[in-house]
Amino acid sequence: MAGTHAQVNRLSGCNWTGNGMLATASIILFVVVLGLLVAMTMFGVSRIEAAHPPAGHFILVDGVRLHVAELGLAPGSPGAEPAVVLIHGASGNMEDMRLALGEKLAASHRVILIDRPGHGWSSRPSGDTYASPAYQADLVAKALEQLNVRRAILVGHSWGGAFATAYALAFPERTAGLVLLSAVTHPWPGDPGWYNNLVSLRGIGPLFLRTLVYPLGSFMIDGVSRSVFEPQAVPPDYVRRAAIRLVLRPKTFFANARDLALLRNFIAAQVPSYAGLRAPTVIITGDCDTMVSPKINACALAATLPRAKLVFLKGVGHMPHHAAPEAVAAAIDELAPAQRTMRRARRKTTRLLGPYRPVPAQARARHAGNQSQRPLTPA
């Protein structure tokens with residue numbers, strides 16, 4: 001009997017020893033995998049930054065280093081005021097706006113491109129204060145002051161539309177006009193996305209940022225781009241040319257996630273102020289935009305603003321600045337009569353010097369405000 005108990009004890013000990021070894025091996029494997037993912041992320045980030053170095057210059061504002069690029073007319077030259085300031089949306093940077101509009105507008109405008117705080121190559125201190133469109137607008141206003149921009153036409157896409165309206169409300173005397181592209185202006189039903197929620201969790205969030213964002217994002221980025229552009233096709237080599245992979249860096253991804261997670265509360269607080277927004281505003285939206293609902297945002301804002309014009313683009317999705325850049329340029333010229341006069345003069349000169357081929361006008365369609373839409377996470 002004693003021998004039997006001894007044998008059972010030996011077997012139990014072996015079983016516990018085996019389980020302990022298995023647990024230890026699992027922990028070691030987990031740590032090794034995490035280490036490999038961290039190393040992969042660090043290597044990937046270094047490659048992304050080498051492929052997309054800063055293309056502008058830096059302005060220091062209240063401890064934040066803003067990345068800025070200037071195109072077109074020189075400061076002080078005829079037609080340089082008001083300047084056109086292009087504000088990108090979520091998950092992007094100034095290169096998206098440069099690709100769609102920057103070079104096109106530079107022939108007749110002073111154009112300023114800015115990476116919002118935490119995006120592209122602009123820095124961002126820790127804290128959710130910097131996720132506020134109003135706080136970001138205040139920083140950019142100080143940067144524009146350093147650039148000797150007295151008045152500006154702000155062109156804001158998606159999240160950048162919340163930025164533009166916040167800027168106009170805070171600095172009405174410095175706002176010559178607004179062009180809002182698929183802009184987020186009102187609270188929407190929906191969620192910022194599981195990955196944006198995950199990165200905000202203590203413990204899990206930082207681990208996810210440093211291990212999985214880069215590999216998962218690299219795998220998903222083309223598909224996400226297609227969904228953002230639908231029903232239009234993604235422009236050739238867009239992800240590279242617009243430096244979209246910069247958002248896969250852990251700090252940038254976190255800043256973008258906080259921007260999206262906190263936007264709805266900010267918007268809800270800003271809505272009551274819209275009736276006092278006096279800047280002339282052109283609101284451009286696509287009737288096929290499933291990312292930012294035209295009914296909830298564009299139609300509601302146009303009905304509220306005292307000086308607003310609503311332009312619906314038939315068959316266009318969430319990226320009207322890429323799908324119809326000529327419509328955006330026309331809206332800007334409408335707000336800047338001096339530039340419109342200069343453009344007409346150049347066309348007259350072109351007629352005298354050689355054959356003139358007019359650009360076909362962008363097809364537009366007026367839509368009733370009761371159109372059904374599928375509001376999703378803004379981009």
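The values are calculated or read from the model by the stated rules, or taken from the named source; none is laboratory data. These numbers were taken from a predicted model, which means no experiment stands behind them. Glycine also receives a Cβ, built like all others from the backbone with ideal geometry; neighbour counts cover every protein chain displayed.
For a quick check of your reading: which helices (runs of 4 or more DSSP H) sit entirely within the range 263-379 and have at least 3 residues that are at pLDDT 95 or above and of a type outside the set (S, T, N, Q)? Working first, answer last.
Working: elements: 300-304, 320-323, 325-335, 337-353.
The helices (runs of 4 or more DSSP H) meeting that bar are 300-304, 320-323, 325-335.
If I filter the range 169-182 down to residues being without any contact (Cβ under 8 Å) to a residue 40 or more places away in the chain and in a helix (DSSP H, G or I), which single residue comes out as surrounded by the fewest Cβ atoms within 10 Å (Cβ to Cβ)? Reasoning before the result, please.
So the first thing to find is which residues in the range 169-182 are without any contact (Cβ under 8 Å) to a residue 40 or more places away in the chain, and the list is 170-171, 173-174.
If we keep only those that are in a helix (DSSP H, G or I) too, we end up with 170, 173-174.
Details: Ala170: 16, Glu173: 8, Arg174: 18.
Per the criteria, the residue is Glu173.
Just a yes or no: is a residue in the range 41-56 more than 30 Å from Pro235 (Cβ to Cβ) and polar (S, T, N, Q)?
no
Given the conditions (1) closer than 26 Å to His322 by Cβ; (2) in contact with a Leu (Cβ under 8 Å, 6 or more places away or on another chain); (3) of a type outside the set (D, E, K, R), and given that Leu37 satisfies all but one, which numbered condition is not satisfied?
So the condition that Leu37 fails would be (1).
Considering the range 130-164 alone, what residues qualify as being polar (S, T, N, Q), under 30 Å from Ala323 (Cβ atoms) and in a loop (DSSP other than H, G, I, E, B)?
Those that are polar (S, T, N, Q), under 30 Å from Ala323 (Cβ atoms) and in a loop (DSSP other than H, G, I, E, B): Ser132, Ser158.
From the list Leu301, Leu277, Leu263, which one is hydrophobic (A, V, I, L, M, F, W, C), surrounded by 19 or more Cβ atoms within 10 Å (Cβ to Cβ) and closer than 25 Å to Ser200 by Cβ? Give the derivation first.
Working: Leu301 fails: closer than 25 Å to Ser200 by Cβ; Leu277 fails: closer than 25 Å to Ser200 by Cβ.
Leu263 is the lone residue from the list that is hydrophobic (A, V, I, L, M, F, W, C), surrounded by 19 or more Cβ atoms within 10 Å (Cβ to Cβ) and closer than 25 Å to Ser200 by Cβ.
Quick one: in the range 59-75, of everything that is touching a residue at least 60 places away in the same chain (Cβ under 8 Å) and more than 18 Å from the chain's Cα centre (by Cα), which residue is nearest to Val213 (Cα to Cα)?
Residues of the range 59-75 that are touching a residue at least 60 places away in the same chain (Cβ under 8 Å), as a first pass: 59, 61-64, 66, 68, 70, 75.
Then keep just the ones that are more than 18 Å from the chain's Cα centre (by Cα); that gives 59, 61-64, 70, 75.
Numbers: Ile59: 29, Val61: 30, Asp62: 30, Gly63: 28, Val64: 25, Glu70: 32, Pro75: 41 Å.
By that ranking, first place goes to Val64.
Of the residues that make up the range 100-114, is at least one acidic (Asp, Glu), on the phi > 0 side of the Ramachandran plot and surrounded by fewer than 22 Cβ atoms within 10 Å (Cβ to Cβ)? Give the derivation first.
Our first condition is that a residue be acidic (Asp, Glu); within the range 100-114, this holds for 103.
From what is left, the residues that are on the phi > 0 side of the Ramachandran plot are none.
The answer is no; no qualifying residue exists.
Can you find even one residue in the range 175-187 that is over 23 Å from Ala330 (Cα atoms) and not polar (S, T, N, Q)?
Initially, the range 175-187 is screened for residues over 23 Å from Ala330 (Cα atoms), giving 186-187.
If we keep only those that are not polar (S, T, N, Q) as well, we get 186-187.
Looking for residues that are over 23 Å from Ala330 (Cα atoms) and not polar (S, T, N, Q), one finds at least one in the range 175-187, hence yes.
Residues that are crowded, with 18+ Cβ neighbours inside 10 Å, at least 3 per element: which helices (runs of 4 or more DSSP H) completely within the range 200-255 meet that? Break it down into steps so the answer makes sense when it comes.
Numbers: elements: 204-211, 213-229, 238-241.
Answer list for the range 200-255: 204-211, 213-229.
Can you say whether Thr185 is β-branched (Val, Ile, Thr) and in a loop (DSSP other than H, G, I, E, B), as far as the supplied structure shows? Show your work before the answer.
Working: β-branched (Val, Ile, Thr): yes; in a loop (DSSP other than H, G, I, E, B): yes.
Taking the combined requirement at face value, the residue satisfies it.
Only residues in the range 117-129 that are within 17 Å of Ala243 (Cβ to Cβ) count as the first member; pair them with residues that are loosely packed, with under 11 Cβ neighbours inside 10 Å, Cβ under 9 angstrom, at least 6 apart or cross-chain, and list the lot.
Sorted first by the residue in the range 117-129, then by its partner, the pairs are Trp121/Pro53; Ser123/Gly63.
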